[in-house]
1. Go through (1) open to solvent by 60 Å² or more (accessible area, probe 1.4 Å); (2) part of a helix (DSSP H, G or I); (3) among the polar types (S, T, N, Q) for Asn262 and report which single condition fails.
2. Got a sec? Which strands (runs of 3 or more DSSP E) wholly within segment 171-232 have at least 2 residues that are open to solvent by 30 Å² or more (accessible area, probe 1.4 Å)?
3. Quick one: Glu280 ticks every box in (1) farther than 28 Å from Gln10 by Cβ; (2) at pLDDT below 95 bar one, so which box is it?
4. I'd like the full set of residues that are open to solvent by 30 Å² or more (accessible area, probe 1.4 Å) and within 22 Å of Ser273 (Cα to Cα), limited to segment 61-93.
5. Would you confirm whether any residue within segment 120-135 is of a type outside the set (Val, Ile, Thr), at pLDDT below 85, farther than 21 Å from Ala202 by Cβ and in contact with a helix residue (DSSP H, G or I) (Cβ under 8 Å, 6 or more places away or on another chain)?
6. Answer yes or no: is there a residue in segment 188-203 that is touching a Phe, Trp or Tyr at 6+ places or on another chain (Cβ under 6 Å) and of a type in the set (Phe, Trp, Tyr).
7. Select from segment 322-353 the residues that are open to solvent by 50 Å² or more (accessible area, probe 1.4 Å), within 17 Å of Ser268 (Cα to Cα) and part of a loop (DSSP other than H, G, I, E, B) and write down the one among them that is modelled with the lowest pLDDT.
8. Kindly check whether there is at least one residue in segment 192-201 that is out of contact with any Cys (no Cβ under 9 Å at 6 or more places or on another chain), free of Cβ contacts under 8 Å to residues at least 40 places away in the same chain and closer than 30 Å to Gln131 by Cβ.
Amino acid sequence: MKKNYEQLIQRVKQRSNPGAIDESVLLEKSFSAELRGLYDKKILVYIKRAMQGVEAVYTSNTFAAGDKVKVQLKNVYPNLDYEYQGSVPSNTHIKGYSDIDLVQISGGFYAHDNKSNFIAESQKSNLSYDQKIRLNEVINGAPYLGNANEDLKKIRLNAEEVLAKVYKEVNIIKAKSIEVNLTNPKRIVDVVTASWYKSVEAVVSANDYEKGIQIYNKEKNQRLKADFPFLKIHLLNKKDSDVNGRLKKMIRFLKTLKADSNVEIDFSSFDISSICYNIEKVKYYDKSYDELVHVLFHELTKIASDLVYRNTIKSIDNTEYIFRDSPEKIVQLKLMLEELNTVNSDLIKDNLIKRFLS
């Protein structure tokens, strides 16, 4: 059954413009003109709005909320590193009032790859003098004599106490983050406690964005496995730039379809971003926004039907497989594919995607 695109357009507008600001003021003139030219083609209006990034005024306020929380934390721990992770800094969020992840990172200790010794010795001839020095400093540095988990626990508990004194709504129950609900601007800031993780690649390159983190889990009183959120943002930004913004358009579109579905689809932002990132640039680098729908439909169809191909898909940072040993994700992918199939079919029925039928 064909979707009600007028209703869906209103949902997108409500998410991206929760303050109901006059769009003649809010939207860029070029985008407003494009929408006016499509006034009688609701499906195209929906697709274009779904792919469009959240307006800068809302995103800047989201960062402002994170910065307010950061100031409070820095008063207690000025020597920690503070970074943002997730969909807001990568500009793949679809809500004006999006949550933002603020990571407070201890630099007093770190973990590193077990293969560091192998790299340093067996590939020494391929490394520059500075690279060798950096690796040796990581491998042979003085051992940390403290208790890393207890130190992170103290940072986490102190952060809870500080934020509870400043803000009325602070949720400290979550194992991996503190949820701070701000009223001005109206945003939720998730404060994550972590320590640095130095991979061989990060040490050799000296690129800060390649460094990983290990998030502290309060419930288990331990650090989780290494994650590379800043590398993911860097790689996503790089590929999106190569295709003139089309990658992030596809990510936002799938997120929008998920949000607008009448059934609950348990498919994470991480999974959606990884699937879109995996698509070869040659398949979509020159495609228009309506053609991107067909690109996504073809990709999800292939993933759903081809086990061998499905099992090759990895996360953006190349550290884990998305579908291997996760049969429950296939069910959710097929729910997403059903939503995508309807939009793709509606485009064809309305004779708006002829170029793919030749």
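1. It fails just one condition, (2).
2. Because the criterion is at least 2 residues that are open to solvent by 30 Å² or more (accessible area, probe 1.4 Å), the strands (runs of 3 or more DSSP E) in segment 171-232 that meet it are 178-183, 186-198.
3. (2)
4. Phe63, Glu83, Tyr84, Gly86, Ser87, Pro89, Asn91
5. Taking every residue of segment 120-135 in turn, none turns out to be of a type outside the set (Val, Ile, Thr), at pLDDT below 85, farther than 21 Å from Ala202 by Cβ and in contact with a helix residue (DSSP H, G or I) (Cβ under 8 Å, 6 or more places away or on another chain).
6. yes
7. Asp325
8. Just the residues of segment 192-201 that are out of contact with any Cys (no Cβ under 9 Å at 6 or more places or on another chain), to begin with: 192-201.
Subset that is free of Cβ contacts under 8 Å to residues at least 40 places away in the same chain: 201.
From what is left, the residues that are closer than 30 Å to Gln131 by Cβ are 201.
Within segment 192-201, one or more residues are out of contact with any Cys (no Cβ under 9 Å at 6 or more places or on another chain), free of Cβ contacts under 8 Å to residues at least 40 places away in the same chain and closer than 30 Å to Gln131 by Cβ.
The values are calculated or read from the model by the stated rules, or taken from the named source; none is laboratory data. If you're wondering where the values come from, they're calculated on a predicted model, not measured in any experiment. Positions of Cβ are generated from backbone atoms using ideal geometry, with glycine treated the same way; all protein chains shown enter the neighbour counts. These accessible areas exclude ligands, DNA and RNA; they are computed on the full protein's heavy atoms, side chains included. Shrake-Rupley method; radii C 1.70, N 1.55, O 1.52, S 1.80 Å.
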